[in-house]
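Data block below; observations after.
The values are calculated or read from the model by the stated rules, or taken from the named source; none is laboratory data. Since the model is a prediction, treat every value here as computed from it, not as a measurement. We place every Cβ from the backbone using ideal geometry, glycine too, and count neighbours over all the protein chains shown.
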Amino acid sequence: MKIINGFIVGLLLVAGYTQVHAEDGHDRSMKRHEQFRAKQKIIHANEVEKKELKSEAVSHDKANCKRSSAS
């Protein structure tokens with residue numbers, strides 16, 4: 001009988017611990033997701049800027065080639 005009581009008490013403690021630990025889980029998850037999205041937006045914005053700069057440099061080089069060949 002003591003073993004069963006010990007098991008029940010242990011089970012209640014574990015259940016209580018998980019309830020307290022998971023109490024704010026949804027809010028933490030949503031906050032972490034928002035932070036992830038913000039970081040991804042920054043990363044991908046940098047990639048777009050690099051591509052734009054690269055395409056501008058290519059178009060500038062093409063314009064210079066046309067000018068030098070026309071001379």
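Can you tell me which residue among 38, 22, 63, 57 is hydrophobic (A, V, I, L, M, F, W, C) and modelled with pLDDT of 75 or more? After ruling out the rest, the residue left standing is 38.
May I ask you to verify whether residue 3 is in a helix (DSSP H, G or I) and either at pLDDT below 65 or surrounded by fewer than 10 Cβ atoms within 10 Å (Cβ to Cβ) (or both)?
Here the answer is yes, as residue 3 does meet what is asked.
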